[in-house]
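Asks: Dropping a structure here in structure tokens format, bear with me for questions.
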Amino acid sequence: MEDKLKVKCPFCGYEMPIYFDKESKCRGVFVFCKGRKCKKKFEIIINENKVR
Ligand SMILES: [Zn+2]
């Protein structure tokens, strides 16, 4: 998994146990942060706001 990137919570920066590679695209997927004091829901957006 060394070449994979981790999804980070935009609120607290917690690294979620969710991995993606640089070619992936994602939006509309929601998770709850697993950070102990955070627990916020956020959308996983990967490579959807970049111009290619
Ligand atoms: Zn968080």
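The values are calculated or read from the model by the stated rules, or taken from the named source; none is laboratory data. This structure is a prediction, so every number in the text was calculated from the model and none was measured. All Cβ positions, even for glycine, are placed from backbone atoms using ideal geometry, and neighbour counts span all protein chains on display.
Asks: For the stretch 29-52, how many residues meet the condition of being farther than 23 Å from Met1 by Cβ and at pLDDT below 95?
Replies: The qualifying residues number 3.
Asks: Within the group Glu15, Glu2, which residue is out of contact with any Phe, Trp or Tyr (no Cβ under 8 Å at 6 or more places or on another chain) and modelled with pLDDT under 95?
Replies: Testing whether each residue is out of contact with any Phe, Trp or Tyr (no Cβ under 8 Å at 6 or more places or on another chain) and modelled with pLDDT under 95 leaves just Glu2.
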